[in-house]
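Presented below is the structure to which this report refers.
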Amino acid sequence: MRVFRLLALCVLAVVVLLAPSSVQAQEWYTGATYDVSIPAGDLKEFIEDVSWLGVSLTFRKQVDRNMTAGLLFGWQVFSERTDRTVQLERGAVSGTQDRWVNSFPIMLNAHYYLGERGSIRPYLGVNAGGLIVLRRYAIGIIVIDDDTWEWGVTPEIGAVVPLNRETALLLQGKFTYSFTGEDLAGSDMKLAYYGISVGFAWQQY
């Protein structure tokens, strides 16, 4: 229930961000990217494989000449089949195992841009908020599921490359880290992964 309340608050935030404002600050854009992610930290100990299944959607609204504020939504799927030994609460288990982690970031963001309008604009940004994290561990007939809401942050560096007056190429490098972590298969896992993203941004006026 708590997750649904948080989702409702995020939808409300989108409406507020995209509502009409002053002439000086009504420019905004929607960006969609394909994301490749590399596990790090506790996540890498659970799943080593690179994730090739990820998408993100960002809404950013201009607050002054070089800054935007907005929201980030994402979905990243990590999975692996392995026979590595895992330590459970009642002892070590080995054998063929399937492991999955689904990460759904829902975050507020702010970005600062260099360069001039109409040119390539490098930027620095930070996304902060929550992540819905779905984990599954399966070995034989044993299946362990864990669904949690975690708080985290995603610093970001990237560039907006104009293609025409309303469309731009979006290039990003990100690092996602959760401050909280829940127990799964006997381990307290804090989510962490690097991301490389490419996509498009549609500018609105």
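General remarks:
- Residues located in region 44-66, provided they are outside any loop (DSSP other than H, G, I, E, B) and either over 24 Å from Gly199 (Cβ atoms) or in contact with a His (Cβ under 7 Å, 6 or more places away or on another chain) (or both): Lys44, Glu45, Phe46, Arg60, Asp64
- Residue satisfying all of: in region 169-191; of a type in the set (Gly, Ala, Ser), part of a strand (DSSP E or B) and modelled with pLDDT under 95; nearest to the chain's Cα centre (by Cα) among these: Ser178
- Residue ID - modelled with the lowest pLDDT, chosen from residues in region 192-205 that are surrounded by 14 or more Cβ atoms within 10 Å (Cβ to Cβ) and either aromatic (Phe, Trp, Tyr) or over 11 Å from Ser37 (Cβ atoms) (or both): Gln203
- From the options Gly115, Gly125, residue that is surrounded by 19 or more Cβ atoms within 10 Å (Cβ to Cβ), among the small types (Gly, Ala, Ser) and either more than 30 Å from Gly95 (Cβ to Cβ) or touching a residue at least 24 places away in the same chain (Cβ under 8 Å) (or both): Gly125
- Among all residues of region 132-148, there is at least one that is surrounded by 13 or more Cβ atoms within 10 Å (Cβ to Cβ), aliphatic (A, V, I, L, M) and touching a residue at least 60 places away in the same chain (Cβ under 8 Å).
- On inspection, Gly152 fails the criterion of being within 18 Å of Phe59 (Cα to Cα), free of Cβ contacts under 8 Å to residues at least 60 places away in the same chain and within 24 Å of the chain's Cα centre (by Cα).
The values are calculated or read from the model by the stated rules, or taken from the named source; none is laboratory data. What you see is a predicted model; the values in this text were computed from it and never measured. Note that we place each Cβ from the backbone using ideal geometry, even for glycine, and neighbour counts take in every protein chain shown.
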